[in-house]
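So the structure is just underneath, and the comments pick up after that.
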């Protein structure tokens with residue numbers, strides 16, 4: 001018991017005396033802490049600075065690459081067999097095979113020229129009109145080469161972009177043959193296409209679609225420098241989602257010039273030149289509509305909401321134009337025709353092309369409804385005014401529809417009307433202050449440049465072709481039909 005009391009007394013003394021000891025020990029503790037801090041401070045400069053982690057290398061998006069590849073295949077389907085059957089059904093049976101041959105071989109010719117020099121001149125940095133020959137024969141493009149999209153840090157395979165754009169080039173040239181079908185020399189078609197592709201399609205593609213890509217737009221100064229390297233119409237701010245100017249107006253103007261320079265078909269206006277197979281024309285129009293989803297939705301270059309939106313606007317605008325053309329024709333002529341419905345569908349497809357990724361559903365419906373009626377006038381009233389034998393109404397549908405669509409893109413791209421507006425790549429948001437009037441003027445400028453450029457190149461090209469090989473077949477060959485006289489074959493054996 002005594003021991004217990006002694007221990008408790010000792011513990012109490014320790015506890016009661018602890019503050020005093022702590023006060024005495026405090027200066028020593030503080031001195032020790034200060035010494036440690038001094039050592040750490042001395043050692044800090046000698047420590048190796050921590051290295052920043054390198055930014056991850058950009059990689060190719062497998063999903064977006066697959067999407068662009070599928071869309072390229074759809075565009076090829078539009079040309080062969082889509083365009084070939086659509087045009088083939090519209091001519092007389094004695095010229096069916098010649099039209100199939102022209103579309104098929106022109107597609108093949110332009111595909112080769114595209115990889116030889118077309119892609120390089122269209123999609124490398126050069127001046128406002130042409131790129132360079134740095135990628136001649138696709139030099140330097142490998143499986144690892146990156147193709148820019150419209151999103152920062154998102155890339156497809158450049159090979160996928162090459163074939164997608166190559167399919168555009170090929171079908172554009174194929175569209176032209178409808179304007180002078182049934183009377184032109186096959187050799188003249190091929191020679192003209194080489195010249196026109198080189199000096200009209202390639203620079204138009206560069207002017208409208210070449211830019212440094214979104215990753216170059218890091219700040220205002222960088223954006224200004226990058227914009228200065230873009231094509232002429234891209235610099236001006238022209239909106240052309242999938243080729244209203246580059247494809248449709250460009251081809252239509254060349255076709256119209258060709259219709260004038262090749263001359264009218266023998267018997268035009270006196271003999272029946274009705275389509276020999278509206279069945280083929282309807283099948284061709286349907287394949288065009290199907291493949292056009294690749295044409296328009298694929299132009300988003302990514303499998304994203306913009307592509308899906310472009311698919312919806314393409315779908316509904318085409319349907320609206322089919323109905324408006326058919327109904328207008330029904331009112332005017334008393335009967336709705338299959339030719340009118342098919343033509344209306346193509347008119348809608350053409351008109352929505354420049355707008356597909358920029359407008360909403362209401363804009364698309366309006367564009368389609370207007371295109372059906374305006375293009376119906378284009379193949380009737382306007383055609384009579386122009387006085388040209390545009391055999392398959394290339395200008396009436398592709399020219400008129402392309403111009404209409406390009407202009408209305410400037411209207412319905414307005415966010416207030418359900419459009420996308422214009423994207424500010426520096427701020428990564430939709431730019432403020434969209435002006436319909438200003439954008440429509442830019443669109444009209446783009447249309448004007450396209451018309452003049454294509455017309456001048458086409459005129460010179462046709463003149464050169466006429467000098468070297470001649471444009472027309474002899475009258476007796478034309479009367480017999482180009483299938484036999486130009487190719488030694490017939491589409492049908494009765």
**Prompt:** Cα centroid distance between the range 299-368 and the range 158-228, in Å?
**Reply:** 23 Å
**Item:** Stokes-Einstein translational diffusion, the range 369-463 - Kirkwood Rh over all Cα pairs, 1.306 mPa s, 10 °C, in µm²/s
**Value:** 103 µm²/s
**Request:** Rank the residues 271, 478 as a footprinting-exposure proxy: fewest other Cβ atoms within 10 Å of their Cβ go first.
**Result:** 271, 478
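Short version: what are the Cα gyration tensor semi-axes of the range 253-296, square root of 5 times each eigenvalue, largest first, in whole Å?
28, 18, 5
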**Request:** Against the globular-protein guess of 2.2 N^0.38 Å, express the Cα radius of gyration of the chain as a ratio, rounded to two decimals.
**Result:** 1.44
**Prompt:** Please state the relative contact order of the range 58-140 as a whole percent: Cα pairs under 8 Å, 6+ residues apart?
**Reply:** 18 percent
**Message:** On C-alpha positions alone, give me the angle between the axis of helix 2-43 and the longest principal axis of the chain, in degrees, nearest 10.
**Reply:** 50 degrees
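Find the eigenvalues of the gyration tensor of the Cα atoms of the range 186-227, then list the square roots of 5 times those eigenvalues as equivalent ellipsoid semi-axes, largest first, in whole angstrom.
Values for the range 186-227, descending: 37, 7, 5 Å.
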**Prompt:** Hey, fewest Cβ within 10 Å first, where do 268, 434 land in order?
**Reply:** 268, 434
**Item:** In degrees, nearest ten, helix 436-468 long axis to first principal axis of the chain (Cα)
**Value:** 50 degrees
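Tell me, 104, 395 in order of fewest to most beta-carbon neighbours within 10 Å?
104, 395
Sort 125-131, 355-361, 467-473 by packing, meaning the average of other beta carbons within 10 Å per residue, with the highest value first. Intermediate results must be reported in sequence, preceding the final value.
Values: 125-131: 17.0, 355-361: 25.6, 467-473: 15.4.
Most protected by this proxy first, the peptides run 355-361, 125-131, 467-473.
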**Fill in**
Quotient of Cα radius of gyration and Kirkwood radius for the range 105-220, i.e. Rg/Rh, equals 1.03
**Asked** Quick one: which of 217-230, 86-99 comes out on top by average Cβ neighbours within 10 Å, and what's the full order, highest first?
**Response** 86-99, 217-230
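Values quoted throughout were computed directly from the atomic coordinates according to the rules given, and no laboratory measurement underlies them. These numbers were taken from a predicted model, which means no experiment stands behind them. No Cβ is skipped: glycine too gets one built from the backbone with ideal geometry, and neighbour counts run over all protein chains shown.
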